[in-house]
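Working notes, beginning with the structure itself.
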Amino acid sequence: MKSFEKPFTQQESIPEDGIARAVEIMRTGRLHRYNLAEGELSEASLLEKEFAEWQGSDYCVACTSGGYAIALALRLVGVKPGDHVLANAYTLAPVPGAIQNVGAEPAFIEIDENYHIDIADFEAKAKSSHASVLLLSHMRGHIADMNAILDICQRYDITLVEDCAHTMGAKWQGIRSGNFGKVAAFSTQTYKHMNSGEGGFLTTNDPDIAARAVISSGSYMLYERHGAIPEQAHFDAVKYASPNYSGRMDHLRAALLRSQMPLLEDNIRRWNMLYDDLHRRIKAIHGITIPDRKQEEAYVGSSIQFRLDDIETSDVPCLLKRLASRGVELKWFGDNEPKAFTSRYDSWRYIKDMPHLPKTLKVLDKTVDMRIPLNFNLDDTALLADILDEEMTSY
Ligand SMILES: *Cc1c(COP(=O)(O)O)cnc(C)c1O
């Protein structure tokens with residue numbers, strides 16, 4: 001019997017120039033982003049400038065994590081303790097965590113069978129709730145119909161915050177994810193599209209939000225040492241009123257990320273080559289449903305989701321075990337018990353008014369997820385699909 005040998009959690013090496021620069025920085029001891037020798041340029045600040053240029057946003061703040069960037073974004077758009085924040089229910093634990101962290105409550109919205117926020121339920125909840133913010137996770141890289149979302153946001157005066165943890169580099173109708181809302185958050189945690197271990201970005205085109213983001217990220221009064229910031233006047237207006245919620249990126253992580261920036265576009269191409277091959281092969285397997293990707297969407301296929309629609313829910317654990325014994329690691333979003341990174345909304349039991357979302361539960365019930373590391377090749381995707389096909393035929 002064939003089995004798959006490669007790990008699903010292997011990252012690519014940090015590029016050599018990034019390693020060299022990191023070592024150089026360690027030799028100087030000046031790791032803190034504001035600790036600069038005379039005339040020295042800050043890695044963190046250069047990174048912010050380069051990321052903002054690449055992303056096509058006016059401003060960028062590098063910070064400690066994606067979850068930090070989301071929580072800060074929520075504060076900056078005015079979320080207050082006790083508020084409700086609209087959010088698609090299919091997401092990862094740091095998203096409701098960020099909402100809870102600012103003292104607010106998530107108001108979860110259903111998803112549809114294509115893993116997008118359910119537009120009709122969004123409109124219904126936009127109307128019925130008092131929430132004024134939508135925190136939209138482009139979960140697992142699936143970008144919803146952004147025209148419909150922006151239309152509802154406009155009609156109900158809702159501010160959009162985008163969680164782009166899985167869509168760095170992805171686009172909807174040619175516009176990069178993160179450029180639709182008032183503020184966007186990105187993660188550079190190891191399993192995302194750039195890897196600094198931990199890290200994140202907040203981007204925006206709003207100069208007042210940008211100035212507050214810089215100061216609140218913990219800039220003390222050294223905000224001028226940031227690379228993608230608004231004019232001084234915007235800082236003068238907010239610098240005494242913005243609390244310091246310490247969450248800065250350091251030079252070491254910034255150096256690792258700067259060396260990866262030039263590879264991003266090519267990595268997206270490599271991910272999609274693997275993804276498209278897997279999608280085509282998995283689609284052909286009997287008993288599996290895999291949604292087609294929308295033509296408007298330029299995704300980054302760093303993971304793949306599909307549904308085991310023809311097998312019983314109670315058989316899913318057994319199938320996954322058999323696949324795992326042959327080296328194929330799938331995560332199950334339908335599991336009642338949260339495991340590792342994978343959890344379902346109803347396992348976040350600190351949420352006060354836990355909603356019942358039948359549509360979301362039905363879609364997730366048989367949804368599984370496979371990571372697509374860049375060290376896989378087209379022989380690997382063929383083998384993975386073969387093993388999946390073989391195991392599916394026994395159900
Ligand atoms: C990883 C992730 C985050 C948060 O990123 P961290 O950098 O780990 O805090 C937010 N949203 C989603 C959907 C994620 O997968």
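Looking at (1) in contact with a His (Cβ under 7 Å, 6 or more places away or on another chain); (2) of a type in the set (Ser, Thr, Tyr); (3) within 13 Å of the ligand (Cβ to nearest atom), which is the one condition that is false for THR91?
The number of the failed condition is (1).
Considering only residues that are of a type in the set (Asp, Glu) and within 27 Å of ILE288 (Cα to Cα), which ones fall in the stretch 96-129?
GLU110, ASP112, GLU113, ASP118, ASP121 - these are the residues of the stretch 96-129 that are of a type in the set (Asp, Glu) and within 27 Å of ILE288 (Cα to Cα).
Among the residues of the stretch 1-48, write down those that are among the basic types (Lys, Arg) and surrounded by 17 or more Cβ atoms within 10 Å (Cβ to Cβ).
Passing the criteria: ARG21, ARG30, ARG33.
Test ALA104 against the criterion of being more than 18 Å from ASP353 (Cβ to Cβ), without any contact (Cβ under 8 Å) to a residue 60 or more places away in the chain and either open to solvent by less than 10 Å² (accessible area, probe 1.4 Å) or touching a Gly at 6+ places or on another chain (Cβ under 6 Å) (or both), and give yes or no.
It is false that ALA104 is more than 18 Å from ASP353 (Cβ to Cβ), without any contact (Cβ under 8 Å) to a residue 60 or more places away in the chain and either open to solvent by less than 10 Å² (accessible area, probe 1.4 Å) or touching a Gly at 6+ places or on another chain (Cβ under 6 Å) (or both).
Since ASN35 meets every condition but one in (1) away from the ligand (no atom under 16 Å from the Cβ); (2) touching a strand residue (DSSP E or B) at 6+ places or on another chain (Cβ under 7 Å), which condition does it not meet?
Answer for ASN35: the failing condition is (2).
Keeping to the stretch 104-127, report how many residues are basic (Lys, Arg) and within 11 Å of HIS84 (Cβ to Cβ).
1
Considering the stretch 49-60 alone, what residues qualify as being touching a helix residue (DSSP H, G or I) at 6+ places or on another chain (Cβ under 6 Å) and either hydrophobic (A, V, I, L, M, F, W, C) or open to solvent by less than 10 Å² (accessible area, probe 1.4 Å) (or both)?
Hit for the stretch 49-60 is CYS60, nothing else.
Report, ordered by the first and then the second residue, all pairs with beta carbons closer than 7 Å, sequence separation of six or more or different chains, a first member in the stretch 40-69 that is closer than 14 Å to ALA228 by Cβ, and a second member that is more than 15 Å from the ligand (Cβ to nearest atom) and aromatic (Phe, Trp, Tyr).
Within 7 Å, the pairs are ALA52/TYR59.
Sort through SER242, SER219, SER196 and tell me the only one that's hydroxyl-bearing (Ser, Thr, Tyr), surrounded by 17 or more Cβ atoms within 10 Å (Cβ to Cβ) and out of contact with any helix residue (DSSP H, G or I) (no Cβ under 7 Å at 6 or more places or on another chain).
Just a single option satisfies the conditions, and that option is SER219.
Determine whether ARG371 is closer than 23 Å to PRO94 by Cβ and modelled with pLDDT under 95.
no
I'm told GLY67 meets every condition in (1) within 19 Å of ILE209 (Cβ to Cβ); (2) open to solvent by 30 Å² or more (accessible area, probe 1.4 Å); (3) not hydrophobic (A, V, I, L, M, F, W, C) except one. Can you identify the failing condition by its number?
(2)
When you look at ALA126, is it touching a strand residue (DSSP E or B) at 6+ places or on another chain (Cβ under 6 Å) and either open to solvent by 40 Å² or more (accessible area, probe 1.4 Å) or farther than 14 Å from GLU162 by Cβ (or both), yes or no?
The answer is no for ALA126.
Only residues that are basic (Lys, Arg) and over 14 Å from LYS239 (Cβ atoms): list them for the stretch 180-219, please.
The answer is LYS182, LYS192.
The values are calculated or read from the model by the stated rules, or taken from the named source; none is laboratory data. All figures in this text were calculated on a predicted structure; none of them were measured in a lab. A quick note on method: Cβ atoms are made from the backbone with ideal geometry, for glycine too, and the neighbour counts reach across all protein chains shown. To get the accessible areas, we keep the full protein, side chains included, count just its heavy atoms, and leave off ligands, DNA and RNA. Shrake-Rupley method; radii C 1.70, N 1.55, O 1.52, S 1.80 Å.
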